[in-house]
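Computed from the coordinates by the stated procedures, all read-outs in this text should not be read as laboratory data. Quantities reported herein were computed from a predicted structural model and do not represent experimental measurements. Cβ: placed from backbone, ideal geometry, glycine included. Neighbour counts: every protein chain shown.
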């Protein structure tokens with residue numbers, strides 16, 4: 001059986017580096033394309049994904065002209081055509097172009113090059129998102145960069161508009177923290193929440209979800225205002241609200257649930273909660289329960305796993321989504337789920353011993369049971 005190709009090898013490999021090198025050579029005939037490829041790919045096996053981007057950036061610096069603006073001019077000339085502006089979603093572009101924006105961030109984040117570099121990032125982000133690179137400029141030149149992003153938030157290309165939301169997220173994954181108040185990007189989001197492109201509105205929702213983890217009321221107030229404005233189509237506004245409030249819903253925030261039209265404490269009964277006494281590690285935890293409504297209500301059912309650490313303490317938990325559904329008075333429904341207790345994950349390790357599972361309805365924990373994880 002063939003070994004599964006790792007993501008870093010799918011995104012950064014000899015073929016893709018060769019493509020990049022050929023494009024650079026066409027734009028700049030003095031570019032040593034063969035040496036460039038050989039030097040880069042020789043080191044790939046020892047590098048993870050982000051480290052490969054950084055390594056390619058260093059190699060670009062070595063093989064392109066030393067003068068920054070001359071080097072960037074070559075990169076811009078070598079760029080492929082922009083991503084299709086007529087699409088509406090899931091057109092991420094090619095990761096192999098990520099080092100270009102990183103090059104601008106590493107070598108062009110200076111006062112004298114500010115306007116030139118921002119203009120370059122605007123071009124590059126239409127091929128692959130410059131969301132990480134723009135954060136260097138936000139931290140170094142917050143006033144000037146945020147002013148430019150405000151203009152870009154009305155750009156004709158939806159990748160540029162998305163960058164304005166994604167690049168200013170308080171908790172953007174895989175990126176450095178930005179040192180601006182979380183409310184500073186809100187005027188930008190005002191221009192974007194009514195966007196007709198899901199690629200943009202999903203970013204807006206993710207941005208508001210980030211804010212909700214820090215200042216829940218700021219997030220809820222903004223969503224309520226947007227809903228009232230009726231500037232976005234009702235179905236898309238519903239999506240934005242639902243996606244923005246997913247963390248607060250898991251936490252059982254009453255205001256968030258209310259904005260979604262969900263009662264915080266519905267009159268329901270939980271029974272027949274079945275959990276196995278023992279579960280073998282790396283197999284499924286199978287559980288089920290019966291829920292009955294005493295009034296017409298909307299149910300948001302989640303389950304919570306309380307994990308045992310190496311020393312035997314249950315000091316961490318994670319909420320998992322189960323099902324959202326309407327349930328009329330007197331009606332009941334059995335819910336069941338299989339959850340794989342994989343021992344080694346990127347976020348935690350499952351240890352043998354006592355663990356717990358709870359059922360959460362509309363943010364309220366109603367029942368909880370223990371089970372033991374054992375080794376084969």
In the P(r) worked out for segment 128-181, what percent of Cα pairs fall beyond 12 Å?
-> 60 percent
Measuring from the longest principal axis of the C-alpha atoms of the chain, the long axis of helix 114-124 (C-alpha) lies at a number of degrees, nearest 10, equal to 70 degrees
Largest-first principal axis extents, alpha carbons of segment 138-229, Å | 36, 31, 23
Compactness ratio of segment 79-259: Cα Rg over 2.2 N^0.38 Å, N = residue count?
-> 1.02
For the chain, longest principal axis from Cα atoms; helix 234-244 axis from its Cα atoms; angle between them, nearest 10 degrees, is 90 degrees
Pairing the Cα long axis of helix 33-43 with the longest principal axis of the chain, what angle in degrees results, from 0 to 90 and rounded to the nearest 10?
-> 40 degrees
Between residue 296 and residue 34, what is the spin-label point distance in nm, taking each point 7 Å from the Cα along the Cα→C-beta axis?
-> 7.7 nm
What shape does segment 162-288 take by its C-alpha gyration tensor, where a ≥ b ≥ c are the square roots of the eigenvalues and a/c under 1.5 counts as rounded, a/b above b/c as prolate, and the rest as oblate?
-> prolate
Apply 1/(1 + (r/R0)^6) to the Cβ-Cβ distance of residue 364 and residue 235, taking R0 = 30 Å, and write down the FRET efficiency to the nearest 0.05.
-> 0.55
For 124, 146, what's the fewest-to-most ordering of other Cβ within 10 Å of each Cβ?
-> 146, 124
Find how much the distance from residue 356 to residue 243 grows on full extension, using 0.36 nm per residue of separation minus their present alpha carbon separation; answer in nm with one decimal.
-> 37.9 nm
Calculate the length of the line joining the C-alpha centroid of segment 211-262 to that of segment 298-363, in whole Å.
-> 24 Å
Bounding extents of segment 21-177 in its principal axis frame from Cα atoms, largest first in Å, are 41, 35, 30
On full extension of the chain, what length is gained from residue 69 through residue 310, given 0.36 nm per residue of separation minus the C-alpha to C-alpha distance?
-> 81.4 nm
When the scattering of the chain is computed by the Debye formula from its Cα atoms alone, each counted once and equally, what is log10 I(q)/I(0) at q = 0.08, 0.09, 0.11 Å⁻¹?
-> -0.56, -0.69, -0.94
Mind running the shape call on segment 268-374? Use the C-alpha gyration tensor, a ≥ b ≥ c as the square roots of the eigenvalues: rounded below 1.5 for a/c, prolate if a/b tops b/c, oblate otherwise.
-> prolate
Segment 268-374: relative contact order as a whole-number percent, Cα under 8 Å and 6+ apart = 34 percent
Computed label-point distance, nm, for sites residue 6 and residue 264 using a 7 Å Cα→Cβ extension = 4.7 nm
Taking the alpha-carbon centroid of each part, what is the distance from segment 26-61 to segment 94-136 in angstrom?
-> 17 Å
Tell me, 14, 196 in order of fewest to most beta-carbon neighbours within 10 Å?
-> 196, 14
Would you work out if segment 1-101 is rounded, prolate or oblate? Take a ≥ b ≥ c from the square roots of the eigenvalues of the alpha-carbon gyration tensor; rounded if a/c is under 1.5, else prolate when a/b is larger than b/c, oblate otherwise.
-> oblate
What full-extension length gain, to one decimal in nm, is calculated for residue 171 and residue 22 as 0.36 nm per residue of separation minus the Cα-Cα distance?
-> 50.0 nm
Note down the relative contact order for segment 145-303 as a percent, whole number, built from C-alpha pairs under 8 angstrom at least six residues apart.
-> 15 percent
Going from the fewest other Cβ atoms within 10 Å to the most, one would list 193, 44, 36 as 44, 36, 193
